[in-house]
Every structure is written in structure tokens, then in C-alpha cells.
Amino acid sequence: EGIELLSGRHFQHVASDALQQDMYSAIVDDPSVHPATRAHFRAAKQLGAGAVLGINAIEDAVELPDEAFLHEVQGYLNHPRGAITLATRCTGESEKTKCIYHASKLRECPPCAVGAAKERHMLTRYEHFNGTHWDGCRYGGHVGTGHTSINTHVISIARALGAAGSLQEVKLGPRDPNRAVDKESNPNQRGDGVLGNWTHSARRMVFDGTTITAVQFRKGMLGPLARGKHLATDYAEEAKRSAKAAACAANNYDFMTWAASTRGGIGREAAEWFTTGFAAKVALARSDGEKWRVRNERKRLLQQHSAIIARRNWEITQRNAWPRMGGVAPRAPPVE
């Protein structure tokens, strides 16, 4: 009777997974669905994405403030971000353009008007609180939030896989080792840390961590993300490899980009290293109990990674989305 009961529950899980996959495919393969929504759903399927929502044992490494957890849940639900257009959404700050929520452009507290003069839009506090601000905006200077935490976590994963690792600013030399250093065209490169496992390779590996917005609104990127041709982390890996791989090879290092999306997903390079390492560790287990412990260790490390990204997302929104601050909308800071 117990076996039949377990068998029935197993079928329920299989049927539930099949239904979810069918619903997922119906969304991401439907060209009538907004590209940003389709890209969001694809990003939410990456390894590690959503792990923070499955935490069942609280510890310091995975604990989130209530506001940060709710912010992350709303992010996975893609609400209300999907209804915010480029006319009213922050797309970042550069030397030439300022974030539309910069103090020089947003002088009032929400609710207030934002956007181009021809497309005035009343920005509500709810919108401002939940997604008008791009999580890579340099306005508040908090883009680096979580960067060191992610790099430290990579070291923890490496040690769990039997490798030695250390955080250090690894000097790699110029981007193109065959040309002289030039600050503009051929700058010096650095890595975030070094990993090594002599049982696998005589070469040590330099890794470089980065976090990229899962749904990119930049020209030429949203379409491929929606169609599943690329993930946002693919672009990050391509950029990092182009900048640092040759310099690493010149110093006898292997190179890996640890790219994470703002949904907590891990890029292909890091995912392959992670899954291959844990598959080998499971294969070495001598009992079902050991396999269970290794699989739970793997699950826990993904949850911790997801929690780090969730804290980062909240901190950037919390600190960058001025004049909102701490859930309250004070007056915008004076323009210097």
C-alpha cells in the first residue's frame, strides 16, 4: 500500500511538471506575448533561478528581510514590470544620458509626472517601488552591491568541489598580450579570484564574476532573449571572455566567467563547471546517505547564490530608486 501511495504521488509530480512545461512553452513560443515577458520566463528557467523561493531551512546565508523577499517574488512574477514602457522606465545612466529619476529630472515625490514631455505619465509610488528603476543604473552608485558576496560564494563552491580557491585582484596584463598596453584600446585586465584542483588540471583557473539584468532592453538584445537564441548571461560571458581570456592564457591560466542574471540564474560556463563538479562528487558517494548529503549541499549552494542576488536586487532598488527611500518618498536631493 505504501509503495502504491508513493507511486501515485510520483505520478502527480510528473504530471505537474509536464503541465508546467506545457504552460511555459505556450508562453515563450507565442509571438503575440510581449518579448520582455518571454525573455523573463526563459531567464527564470536557468540553473539557480528561483532557488531563493524554495528555501525551507533558514540560516544567515539565505535569510532575507521581508521587503527583499516580497520584492524578489514580484520579480519572478514579472509584475508590474511587464507594463512599464521604455518611456517611463530607467534604462541606466551614462556620461551622455541621465537616469530619468535623477534629481535634475524628477524633482517631486511620487506620484508625479515622468517621461518625455510628449508622453507624460503619472508615476505612482507602487510603480516606483516595484520596477521602474533598472537594476544596473549607476545613479546611486550601488551597482557593485553583492559583487564581493558572489565572488566569495564562488570560492565556497570551489572548496565544496575539492578545489583550492582565493579572492584576489589577479593582474593579467593587457587585453591583447601581443600588443603594448594602451588605456583606451588595450587596457590591463584583472580577475576576481583563482581556483585550482591539481587532480583535474595542472593549470589554475582565474574567474571573473558579473551580474547582468535578465531582461535587456538594449537595442538588438531583447529579440534574441525572447526567442531563446541567447540568455542575458551569454552576452556577459562573451564580453568577459573577449576582454580577459587571451590575457589569462598568456599567464598560463584557464578562464571562467561566473555570470549571474538578476533572476539568480547561472550562466552556461559556470553552470557546466558547477554541474560537472557535483556529478563527479555524487559518483564518488558510497551510500545513498552520502548521495543525499551531496545533493542537498548542491541545492543549498544554489539557494545561497539566489539569496545573494535577491539581496543585491533589493539593495540597488532600495538605494538607487531615489527619491524613494526605505519605502518612503522623501524630497529629491538637491542638484549640485
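The values are calculated or read from the model by the stated rules, or taken from the named source; none is laboratory data. What you see is a predicted model; the values in this text were computed from it and never measured. Every residue, glycine as well, gets a Cβ built from its backbone with ideal geometry; the counts of neighbours run over all protein chains shown. Ligands, DNA and RNA are excluded from the accessible area calculation, which covers all protein heavy atoms including side chains. Shrake-Rupley method; radii C 1.70, N 1.55, O 1.52, S 1.80 Å.
If you take all C-alpha pairs in the range 179-278, what percent of them are over 25 Å apart?
28
When ligands, DNA and RNA are left out and all protein chains stay put, how many square angstrom of accessible area per residue does the range 190-323 have with a 1.4 Å probe?
45
Of the listed pairs K45/K229; K219/K240; K45/K299; K183/K244; K183/K240; K171/K299, which have alpha-carbon separations greater than 22 Å here?
From the list (K45/K229; K219/K240; K45/K299; K183/K244; K183/K240; K171/K299), the Cα-Cα distance tops 22 Å for K171/K299.
Over the range 213-288, what relative contact order in percent results from Cα pairs under 8 Å that are six or more residues apart?
25
Under 1.5 on a/c is rounded, so check that first for the range 232-280, then, if it is not, pick prolate when a/b is larger than b/c and oblate when it is not; a ≥ b ≥ c are the square roots of the alpha carbon gyration tensor eigenvalues.
Judged from the Cα gyration tensor, the range 232-280 comes out oblate (a/c at least 1.5, b/c at or above a/b).
By per-residue mean of other Cβ atoms within 10 Å, what is the highest-first order of 44-52, 56-64, 300-308?
300-308, 44-52, 56-64
Which percent of the accessible heavy-atom area of the range 159-209 goes to carbon and sulfur, probe 1.4 angstrom?
Roughly 47 percent, rounded to a whole number.
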